[in-house]
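Enquirer: My questions will all concern the structure given below.
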Amino acid sequence: MKNWILLLFLLVVLSGCAHSRHARYAGWEYVRIEEKVPGDRCVYKVQEVCPAKGTEALIWFKKRAKLFGANTVVITKTLRGIGGSVSATPVGAKFDANAESYIADYYDCPVSK
């Protein structure tokens, strides 16, 4: 299980988690961040992991939610020190075993009137 999480984590890091700037994310600013699913009529879309920190991760989740037709992001878990992160340096790769990651679920929830 840990190997699977590490593999998923590394794939997300290599895909450029924190740097998603495309027209296909139009309207990402209106995606809500919630602590729990806001209603029973929300439709689950997908779950993703982002190793970025703080606001950077939240913005990434909001942009990615648009790709899956979601308008709500529910942060389900914060992982600390699991898997670590890899970053490029002038002398090679640097591994940070104390990295922080977030797991979030995307939902499409009806807009209340």
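Enquirer: Using the 10 angstrom Cβ neighbour count as an exposure proxy, how do Glu56, Glu48 rank, fewest first?
Expert: Working: Glu56 14, Glu48 20.
Lowest to highest Cβ neighbour count: Glu56, Glu48.
Enquirer: Okay, next question. Just rank Trp28, Trp60, fewest to most, by other beta-carbon atoms within 10 angstrom.
Expert: Working: Trp28 17, Trp60 25.
Ordered from fewest to most neighbouring Cβ atoms within 10 Å, Trp28, Trp60 come out as Trp28, Trp60.
Enquirer: Something else now. Give me Thr55, Thr76 sorted ascending by neighbouring Cβ count inside 10 Å, so fewest comes first.
Expert: Details: Thr55 8, Thr76 13.
Sorted ascending by nearby Cβ count, the order is Thr55, Thr76.
Enquirer: In addition: Test of understanding: what is the full-extension gain from Phe68 to Ser112, defined as 0.36 nm times their sequence separation minus their Cα-Cα distance?
Expert: Numbers: separation 44, 0.36 × 44 = 15.84 nm, distance 2.04 nm.
Length difference between fully extended and current span is 13.8 nm.
Enquirer: Evaluate the distance, in nm, between pseudo-label points positioned 7 Å from the Cα of Gln47 and of Glu35 along their respective Cα→Cβ axes.
Expert: It is 2.1 nm.
Since every read-out is calculated from the coordinates, none of them should be taken as a lab result. All figures in this text were calculated on a predicted structure; none of them were measured in a lab. Please note: Cβ atoms are built from the backbone with ideal geometry, for glycine as well, and neighbour counts cover all protein chains shown.
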